[in-house]
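Encoded as structure tokens, the structure appears first; notes follow it.
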Amino acid sequence: MQMFTRHDLTLLFRSLADRMVAEQDYLAELDGEIGDADHGVAMSVGFSAAAKALSEGERDAPALADGMMLAARALLNEIGATTGPLYASALMRAAQALGPQAEIPLTRLPEVIVAMSEGIAARGSSKPGDKTMIDAWAPAAHVARAGLAAGRDIDRVLADAASAAAKGAEATRAMMASKGRAARLGPRSLGHVDPGAASAAALLDSMALWVADRSGRASS
């Protein structure tokens, strides 16, 4: 059985950070259309800080839950506005789901998606259709939950969850924002992809790719 270790958590966050750096300009462009154009920088800086905290804290915070809490604090410290608190809440909920273990079966990773989605929805009091990041996280969590229940292959579950998130993010183009700065635009927010949903879809895609690579290396 393949295991997901505390060191793997650090490696995963490095991959997430690299993806946010790569997506920075695109996310800034999206945010510039309906916000203040800082989402790309915020996500890049925030996840880079989280990856650094995880790496530096492996010895002193050896449990997976400890690592998630380190990442949550780093994101809360580095990302302002609403995004930092939302992702901090997401990771704290994930910490509760993972518990005090230093490693878990890799097949449990979809639980992280479900927990993070629940944490974001609870903290932001948001629901699908509000034109927020939950429009990507909620469909991904639905697919992850179904995959867990059916005992499906982890690579397939995460790939399908990422695909659902991408479709959810694209669907925000037809929505009118009801939360955050974009809500002030009213009908003018129509026709634009929500940057938070776009970054969420990118994170979930990065997670799926990382797990697929991890599984491939383990079986070779």
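For the reader, a short list of remarks on this structure follows.
- Carbon-plus-sulfur accessible fraction, the chain (probe radius 1.4 Å, protein heavy atoms only): 54%.
- For the stretch 14-26, 3J(HN,Hα) computed residue by residue from phi via the Karplus equation (6.51, -1.76, 1.60; θ = phi - 60°) reads 5, 5, 5, 5, 4, 5, 5, 5, 5, 8, 3, 5, 5 Hz, glycine and proline entered as x.
- Proximal aspartates and glutamates relative to LYS167, as straight alpha-carbon distance under 17 Å, when same-chain residues fewer than 8 apart are discounted: ASP130, ASP135, ASP194, ASP205
- The stretch 127-142 - phi-based ³J(HN,Hα) in whole Hz, Karplus 6.51/-1.76/1.60, Gly and Pro as x: 9, x, x, 7, 6, 9, 4, 5, 5, 9, 5, 4, x, 5, 5, 4
- Expected-Rg normalisation [2.2 N^0.38 Å, Cα atoms] applied to the stretch 71-129: 1.17
- Taking only alpha carbon atoms, the stretch 99-162 gives an Rg to Rh ratio of 1.01, where Rh is the Kirkwood radius.
- More than 26 Å apart - percent of Cα-Cα pairs taken over the chain: 29
- Degrees between helix 110-124 axis and first principal axis of the chain (Cα, 0 to 90, nearest 10): 40
- With a Förster radius of 25 Å applied to the beta-carbon distance between ARG188 and ASN77, the computed FRET efficiency rounds to 0.15.
- The value obtained for the stretch 1-78, namely the Cα convex hull volume divided by the number of residues, is 92 Å³ per residue.
- FRET efficiency for the pair ALA150 and VAL41, taken as 1/(1 + (r/R0)^6) with r the Cβ-Cβ distance and R0 = 30 Å, rounds to 0.15.
- Averaged per residue, the chain has 43 square angstrom of accessible surface, using a 1.4 angstrom probe with ligands and nucleic acids left out.
- Accessible area, probe 1.4 Å, largest first, for residues HIS192, HIS7, HIS39, HIS142: HIS142, HIS7, HIS192, HIS39
- Taking amide H as placed 1.01 Å from N in the peptide plane, PHE4 has its amide H under 5 Å from the amide H of ILE104, LEU106, each at least 5 places away in sequence or on another chain.
- Cβ-Cβ distance of ALA122 and GLN101, R₀ of 35 Å, FRET efficiency by 1/(1 + (r/R0)^6): the value works out to about 0.90.
The values are calculated or read from the model by the stated rules, or taken from the named source; none is laboratory data. In this text, all values refer to a predicted model and were calculated from it rather than measured experimentally. Every residue, glycine as well, gets a Cβ built from its backbone with ideal geometry; the counts of neighbours run over all protein chains shown. These accessible areas exclude ligands, DNA and RNA; they are computed on the full protein's heavy atoms, side chains included. Shrake-Rupley method; radii C 1.70, N 1.55, O 1.52, S 1.80 Å.
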